[in-house]
Amino acid sequence: MTRFKTSYGVLAAALALAAATPATAAEEALIPPGNSAVNQYTESFPTSGGNKRTEKRSTRPAERVLGKKNTERLESHGADGREVAEVAAETAPVAVDDGGPDSGSEAGAGAVVGGSGGQGSGGDTGSTAAGTDTPERQTARADGVETSVARPEGSSAFSEVLAQATGSSDSGETGLLLPLVIVTTLAASAAYALRRRRIAAR
Amino acid sequence: MKGTRPAALRVALAIACCVALGGATAASADAARPLTTGVSYIYENDAVAFEHVKMTGSTMAQTPLRWSLIAPNKEPASWDPTNPADPNYDWEEFDVWLVNAVNAGLIPVLQVRGAPLWAQRCPGANETDAPCKTDPAKLAAFATAAARRYSGQFGGLPKVRYWQGLNEPNLSLYFMPQYENGKPVSPELYRDLINAFSAGIKAVDPSNLVIAGGLGPIAVPKYTIGPMKFTRELLCMRGHNKPRPKPGDCGGGVNFDIYDIHPYTTGSPAHEGGVNDVQLGDLHKMQTLLRAANRAGRINGAFKRTPLWITELSWDSNPPDPGGLAMPILKRWTAEALFVAWRSGVDTFMWYSLRDGEDFPETPSYLEPESGLFFRGPTVAADVPKPSMYAYRFPFVAYPREKGLYFWGRTPNSKGGKVVIQVRGKSGWRRVESVRADRFGIFKGLARGVRYGRSKRGAARAHYRKGSSVPFSMRPVPDFRQPPFGAENPHG
């Protein structure tokens, strides 16, 4: 029982540490530019890089997304190659971007979690796309308790999964439930394995 | 023992009767709820426009009362901002609007909106329709002046009872700031403003009713705060599923009588948004929050249960917007929107707006609201009603169910009477049910045993006096993505 408690505690602490990130509040302009009237009434929909609006096309240069060499190679194939490069740049997950100045504005005007028609829940809390050039202060809620975390620049897939699991993600409402389920499952598995080993040793 | 069993039986029967009676009462209370309709943002001061509003079956008309247009550009050194007769004010345009609305038999709703630059407290503020840190005391003074002017005792002008405090305070388009250092601040700023506004309006006549909120539907990071979160912050509540009060007394609570939401929906009327959004499918979330706030004593209003209104909702139509909703679907969604709202406990619903916006060739159609109930003509008199207008005037929905055909509707004049439910057969329309609309014109029920519509073919309609509703197709329309003001790229 002591072992169970210890493993529970260690796992919980590890998860908490992995999920916790320094809370850096971004200074926001009083009146952020570039969000049309229509965008404030229209729901976004999810893409591989987070929810995104259909109305705004990405303006990221292909070079930034694909790299100079790859872009040049594609563009050497003429108009078709150029088109492929543009399409790749437009549809690439935002995390692929290196977080240049464009990606910052995109986080405001384009990449948005605002609900997704039953496909995902959104919120107003730090729902920016991953990989923006400014760390975004995010408010995560778990069972009504509000905590603030900030996501570092270009968050990795692992930390994204963790953020979703712990409820610190902008789009998740799972809160503490999922981490508790994971921890309980892991602990139960460990206890079961231990018990089997003891039985085998007898 | 012999005597015990009948006694127990009697008690059980009595309880059963009470439960049954209670249920019956609840059912009839549920049925006897009105669905008052109106049209919002009527800019025209033309008497014909108000006749058109009446034609839509509406009894209410709303317009923005723009503080920055009525007040002087510079704050006078000496004046009385609470005095509606102060020569620095110019009310003429709004006086005419109000007289026209009341002469047409409509109930006016005025939305005090924006702020002159001198009433804002942000350095460098330059927007009058998206004011930045409006001064609550100055708003209260203007509210007093407006309520005095339209108190029914000033210069022969009509009385206004319904007063809305500001527009969409959760959107950066109309209220600044939304965030400071990443933290949402607009709910707290708005709380001070609506309390001041309410004080100004009620000081003139305590029976005046103050409408708060008027919130936009969507959470957009940095720009807007989702209406659920905004309302929780405004009312000092917490918790999504089971809202409860935060510690403290919320400064004595928030002073308003009616709460308003603009649940513009990026899809069908059944569509639900994100956790903090309120689209048509989310109305129940706002009701739950308001009830919890009522129980917690967070709202100081005229009603025990704060009514939830919708003063803006629509979809652009195609035509004229190529990215708008095709008319057959718009007709269906219009009726369904009213049904969903009523079912969610909304008792007042206003459509945005009366006529399509002006067509500017250089402006993309998805940026122009073309969601009017009338196609725009060269003049208001030349406007033509859209087919969807008839669905707004006489909403009717019908869905095949296991035990029969379920139906709901509201008569065009919101009055009671006999309503005949008909279905379309091979030889025309035939009657399947006859019901009586209640005193608010609401009728609903189940045409038992009617298997019509299960094949997803055909249509049903309601017939009242000499008119019929728009036929409601039995073929369901699944939810799909439809931006309320039209898609940018309608052809992909």
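A compact table of results
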{"item": "Segment B:Asn413-B:Phe360, extension gain: residue separation times 0.36 nm, minus the distance between their alpha carbons", "result": "15.5 nm"}
{"item": "Estimated distance in nm for a label pair at B:Arg295 and A:Lys68, the labels positioned 7 Å out from Cα along Cα-to-Cβ", "result": "6.4 nm"}
{"item": "Check: the stretch B:58-137 dipole with +1 on Lys, Arg Cβ and -1 on Asp, Glu Cβ, in debye", "result": "280 debye"}
{"item": "Tail fraction, Cα-Cα pairs, the stretch B:79-131, threshold 15 Å, whole percent", "result": "65 percent"}
{"item": "Span from the the stretch B:378-439 Cα centroid across to the the stretch B:214-262 one, whole angstrom", "result": "36 Å"}
{"item": "D (Stokes-Einstein, µm²/s), Kirkwood Cα radius, the stretch B:117-237, 0.890 mPa s at 25 °C", "result": "164 µm²/s"}
{"item": "Length gained when the stretch B:Arg439-B:Trp79 is fully extended (0.36 nm per residue, less Cα-Cα span)", "result": "124.7 nm"}
{"item": "Calculated over chain B: convex hull of Cα atoms, volume per residue (Å³)", "result": "199 Å³"}
{"item": "Above-threshold pairs, the threshold being 18 Å between Cα atoms, out of B:Lys183/B:Lys242; B:Lys159/B:Lys202; B:Lys183/B:Lys229; B:Lys418/B:Lys444; B:Lys54/B:Lys444; B:Lys229/B:Lys285", "result": "B:Lys183/B:Lys242; B:Lys54/B:Lys444"}
{"item": "Length-normalised contact order of the stretch B:309-434 in % [C-alpha pairs under 8 Å, at least 6 apart]", "result": "21 percent"}
{"item": "Chain B: relative contact order as a whole-number percent, Cα under 8 Å and 6+ apart", "result": "13 percent"}
{"item": "Rg(Cα)/(2.2 N^0.38 Å) for the stretch B:49-137, N = residue count", "result": "1.29"}
{"item": "P(r), alpha carbons of the stretch B:378-492 - 10 Å bins starting at zero, rounded %", "result": "13, 38, 29, 16, 4, 0"}
{"item": "In nm, spacing of pseudo-spin labels at B:Val99 and B:Ala302 (7 Å Cα→C-beta vector)", "result": "2.6 nm"}
{"item": "Virtual paramagnetic centre 7 Å along Cα→Cβ of B:Arg33, amide N under 18 Å, in the stretch B:254-271", "result": "B:258-263, B:269-271"}
{"item": "Nearest-0.05 FRET efficiency for B:Arg465 and B:Arg430, computed from C-beta distance (R0 30 Å)", "result": "0.95"}
{"item": "About the Cα centre, charge dipole magnitude for chain B (Lys/Arg +1, Asp/Glu -1 at Cβ), debye", "result": "3880 debye"}
{"item": "The stretch B:312-443 - Rg (one decimal) and Dmax (whole number), Cα, Å", "result": "16.9, 54"}
{"item": "Residues listed by number, the stretch B:398-413, amide nitrogen under 19 Å from B:Ser455 label point at 7 Å toward C-beta", "result": "B:399-406"}
{"item": "Contact surface A-B: accessible area buried, both sides summed, square angstrom, 1.4 angstrom probe", "result": "3800 Å²"}
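The values are calculated or read from the model by the stated rules, or taken from the named source; none is laboratory data. In this text the structure is predicted, and so the values were computed from the model without any measurement. Cβ sites come from the backbone with ideal geometry, for glycine too, and all protein chains shown count toward neighbours. Just the protein is used for accessible areas: all its heavy atoms, side chains included, with ligands, DNA and RNA removed. Shrake-Rupley method; radii C 1.70, N 1.55, O 1.52, S 1.80 Å.
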